[in-house]
Amino acid sequence: MTKKMTVTSIQKAKGQTPLVMITAYDALFAKLLEPSSDMLLVGDSLNMSFAGRSDTLSATMDQMIYHTQAVCQGAPESFVVCDMPFGTYTTKEEALKNALRVYQESEADSVKIEGGADKAEIIAYLTSNGIAVCGHIGLLPQAVRSEGGYKVKGKNEHEALKLIEDARAVEEAGAFCMVIEGVKADVACEVANSVKIPVIGIGAGKNVDGQVLVFSDMLGLFEAFTPKFVKKYLDGAGVVKEAVAAYADEVKKKQFPQDIHTY
Ligand code: KIV
């Protein structure tokens, strides 16, 4: 992919080609992911796969901005979305103050906010103040403690209707696209069909407007657990461990460095 996506081209993609979104947390990987992705998401999942915490809740604005700066440096041609961490958008004033930090301290193109109808007022306040917002409905990782786990959504009529209501509220509030996570595939498809903005799925089946995966999951680098919806395109952990073991072995045997690595 060559040309940097914009809010407009992302919206126009709906009904055309599926959008490819991948998380990125640093410049090194952002550069590697950029050629094959439409959007890079600096997800607060970095608190787990990068910082080693058990959930996303302790991620901070400073942490998100630091990683977003790195991703923007590594992938200047990518449309970059920065996740707003837990507790940084509880009021519209606080949300704007923190979203402005993202725009002023990094080159990010957009912020992402978890929540549906309950966050519509905050999304509307941000968009009316010039911030591009990506919504996030369905399974909300930031609700893991309050809901007592990661709960798949859309399992009954009531939940399906609530998801459609959430999607419409997020769209009406001015979001340019949204992520839908952990939702039964038929319901996610209905949700995507009920709004005009792209709905990007993760664990939501194939009949939505695009897909997002956490890069360390899809590259097989994150070993703690693998959700059902993840496809590992590489045994990253295996490849890395094998390479490091080979290096260690050569150091122990004094086979590295050789003459070509020596001044
Ligand atoms: O933080 C993240 O990586 C996310 C994705 C799971 C969509 O929000």
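A few notes on this one:
- Check on PHE256, hydrophobic (A, V, I, L, M, F, W, C) and under 23 Å from LEU40 (Cα atoms): no
- Looking at ILE123, ILE137, ILE113, just one residue is within 16 Å of the ligand (Cβ to nearest atom), more than 17 Å from the chain's Cα centre (by Cα) and closer than 23 Å to THR68 by Cα, and that residue is ILE123.
- From ALA204, ALA188, ALA175, residue being surrounded by 21 or more Cβ atoms within 10 Å (Cβ to Cβ), in contact with a helix residue (DSSP H, G or I) (Cβ under 9 Å, 6 or more places away or on another chain), touching a residue at least 24 places away in the same chain (Cβ under 8 Å) and part of a helix (DSSP H, G or I): ALA188
- Looking across segment 4-15 at every residue that is of a type in the set (S, T, N, Q) and not in a loop (DSSP other than H, G, I, E, B), the one that is nearest to PRO198 (Cα to Cα) is identified as GLN11.
- Residue check for LEU96: of a type in the set (A, V, I, L, M, F, W, C), in contact (Cβ under 8 Å) with a residue 60 or more places away in the chain and either in contact with a helix residue (DSSP H, G or I) (Cβ under 7 Å, 6 or more places away or on another chain) or within 16 Å of PRO198 (Cβ to Cβ) (or both): no
- Per the listing GLY205, GLY201, the residue uniquely in the same structural domain as SER49 (by TED's automatic domain parsing) and at positive phi is GLY205.
- Scan segment 8-60 for residues that are of a type in the set (Ser, Thr, Tyr), over 18 Å from ILE202 (Cα atoms) and more than 16 Å from the chain's Cα centre (by Cα) and the total you get is 4.
- Residue ID - farthest from the ligand (Cβ to nearest atom), chosen from residues in segment 207-240 that are of a type in the set (Val, Ile, Thr), closer than 24 Å to LYS14 by Cβ and assigned to a loop (DSSP other than H, G, I, E, B): VAL208
- A single member of MET61, MET84 is more than 23 Å from ALA224 (Cα to Cα), within 15 Å of the ligand (Cβ to nearest atom) and in contact with a strand residue (DSSP E or B) (Cβ under 6 Å, 6 or more places away or on another chain), and it is MET84.
- Test: residue in segment 92-102 that is within 12 Å of the ligand (Cβ to nearest atom), within 17 Å of the chain's Cα centre (by Cα) and not aromatic (Phe, Trp, Tyr): no
- Any chance SER37 is modelled with pLDDT under 95 and either in contact with a strand residue (DSSP E or B) (Cβ under 7 Å, 6 or more places away or on another chain) or surrounded by 17 or more Cβ atoms within 10 Å (Cβ to Cβ) (or both): no
- Boolean, THR262 is over 23 Å from PRO35 (Cβ atoms), out of contact with any strand residue (DSSP E or B) (no Cβ under 8 Å at 6 or more places or on another chain) and within 16 Å of the ligand (Cβ to nearest atom): no
- Segment 76-106 - residue that is of a type in the set (S, T, N, Q) and more than 13 Å from LYS119 (Cβ to Cβ) and, of those, surrounded by the most Cβ atoms within 10 Å (Cβ to Cβ): SER78
- Some residue of segment 102-110 being closer than 19 Å to ILE10 by Cα, touching a residue at least 40 places away in the same chain (Cβ under 8 Å) and in contact with a Cys (Cβ under 8 Å, 6 or more places away or on another chain): yes
- Among the residues making up segment 16-28, a single one is more than 13 Å from the ligand (Cβ to nearest atom), in contact with a helix residue (DSSP H, G or I) (Cβ under 9 Å, 6 or more places away or on another chain) and either aromatic (Phe, Trp, Tyr) or in a loop (DSSP other than H, G, I, E, B) (or both): ASP26.
The values are calculated or read from the model by the stated rules, or taken from the named source; none is laboratory data. Fair warning: this is a prediction, and the values are worked out from it, not measured in the lab. Note: ideal-geometry Cβ built from the backbone for every residue, glycine included; neighbour counts use all protein chains shown.
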